[in-house]
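Take a look at the structure below.
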């Protein structure tokens, strides 16, 4: 995440004279403008929740109570992605801490800045078999977090607390960023802070200069202006610079592709956009890369793992015609064949390139401006997709049960243009990546640096991520509709988190792709010739399930049912709505690349 999200320091209210360490921690969160701490209470972490109760009474950061600790981490993930601030989650000792690990590992794979606070039993009980002990002599939770955090430590003395907290938060925002973990014993948590106020100014410590490799940028510029047919491949880490990137693409008439993670950053109706490359992507995107006239591929903020590189395609993507532009240097290890690696803050690099190009082309700038205006007018006047989808018939089908392709077509048509969409791991992600096209018509210019209208969590690909993250997103993006697209399998894993949206009165729309199976497992077995086993799920009436918890719900069996919804009422009600969408179970998701990769793995 490139920005901290807190434009100015929130004035901290005075703490009690003898503050506990929980109060001191919350004071640091206030410096960063953090509003929520996601978690589940328990005995060993109760002092921190007492501090949160005091904070809430005075209007400071407050607790949001999840139903499972994994859901709390997913909520913190969604909040961080959409605010640029620190996501914060917490859990008690033992199983509370271990339940967090899946959500923390997911954030680790996606470089989400997250502070994870877990409790320990009192130091004096270590090694004595205390209830839920998870010290180094028990189930060692600090050891378990070692491989999914950027900073991980036990606070063994009261004097360590503040310095370790500040070090952890600074590490969360370094490059690469990610989760950081403090394990705090109960007696340390109850101890009194030496000072009730912070000794460090975090906003000052976290300020980053805009570092740029000038020599590499000069080389990059020469490659760009001399390229005959350039292509831009945009990943999610390009979000802070997306406006300048798109402006430069228009200036250069460069074709635009995105990785699955970068899908939400570019309007699907952009005249230069040719689709998603990689898992569940578009044939037109592959065709662009296979075009022998393409002499330069610029990968920007893209991790280029399996799903984003079309299964490590070394024939048309990972080749010597690539230039890789990154702020996260470890991503360069995926592209050793690239002709040039450009390091630095992406917004600084592309702002500089746009200024230089337009200065060099000043005699032609009127023509460039005219072209930009023409493209914006064309995009606004006509909704034209300039890429090739796999099944156009399914996309337009009126059949019952509803085709998932048709469902994805209609969602952006019935929900407002500023709706945020989250797609869960599994079939939900494949259908949404290929067929969901929100009506973002922006062509270029300055943009919100916190990402776009579509989010997914790949690499670790945790089922249920979108359910929890939708809650965090709704708390971050107040006033914006949030649509969570998930499957019946994910719902059975994490559906209880809907009650958090009920309790918080969040108008999240949960769209359940209900086909009574683990759809990606079922179709993956068919595509790879594996034995059909373990994919069946019982027939579930999720609409009744939602109503039993107090949420509005509707059963959707046909396009007519979907189009009959009162979407305005759904978006403005105080609480979530669940759409139990009975999709055609025989429709095969666009997952051929994944099936091919599985066959090749020996």
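The values are calculated or read from the model by the stated rules, or taken from the named source; none is laboratory data. Predicted model only: the values in this text are computed from it and were never measured. Here the Cβ is made from the backbone with ideal geometry for all residues, glycine too, and neighbour counts use every protein chain on show.
Data for the structure
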| quantity | calculated |
| --- | --- |
| Tally, over the stretch 261-293, of residues that are in a loop (DSSP other than H, G, I, E, B), touching a residue at least 60 places away in the same chain (Cβ under 8 Å) and more than 22 Å from residue 350 (Cα to Cα) | 8 |
| Condition met for residue 243 (in contact (Cβ under 8 Å) with a residue 12 or more places away in the chain, closer than 30 Å to residue 428 by Cβ and buried (at least 23 other Cβ atoms within 10 Å of the Cβ)) | no |
| Matching residues, the stretch 554-579, being part of a loop (DSSP other than H, G, I, E, B), more than 27 Å from the chain's Cα centre (by Cα) and in contact (Cβ under 8 Å) with a residue 60 or more places away in the chain | 557, 558, 565 |
| Cross-chain or 6+ apart pairs with Cβ under 6 Å, the stretch 218-230 first and under 10 Å from residue 252 (Cα atoms), then in a strand (DSSP E or B) | 227/296; 230/296 |
| Filter pass, residue 179 being in contact with a strand residue (DSSP E or B) (Cβ under 8 Å, 6 or more places away or on another chain) and either without any contact (Cβ under 8 Å) to a residue 24 or more places away in the chain or within 25 Å of residue 332 (Cα to Cα) (or both) | yes |
| Pair list, Cβ under 6 Å, 6 or more apart: the stretch 37-63 residue part of a strand (DSSP E or B), other residue at pLDDT 95 or above and surrounded by fewer than 16 Cβ atoms within 10 Å (Cβ to Cβ) | 62/56 |
| Positions within the stretch 373-395 being modelled with pLDDT under 65 and outside any helix (DSSP H, G or I), in sequence order | 382 |
| Residue check for residue 350: closer than 24 Å to residue 214 by Cβ and modelled with pLDDT under 95 | no |
| Only listed residue being surrounded by fewer than 20 Cβ atoms within 10 Å (Cβ to Cβ), under 30 Å from residue 216 (Cα atoms), at pLDDT below 95 and not assigned by TED's automatic domain parsing to the domain that holds residue 474, chosen from 355, 370 | 355 |
| Test set (1) in a loop (DSSP other than H, G, I, E, B); (2) buried (at least 23 other Cβ atoms within 10 Å of the Cβ) - residue 231 fails condition number | (1) |
| Lone qualifier among 532, 438 - being farther than 17 Å from residue 408 by Cβ and touching a helix residue (DSSP H, G or I) at 6+ places or on another chain (Cβ under 9 Å) | 532 |
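Yes/no matrix, rows are residues, columns are (1) at pLDDT below 95; (2) touching a strand residue (DSSP E or B) at 6+ places or on another chain (Cβ under 8 Å):
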residue	(1), (2)
76	no, yes
102	no, no
116	no, yes
131	yes, no
137	yes, no
145	no, yes
150	no, yes
159	yes, no
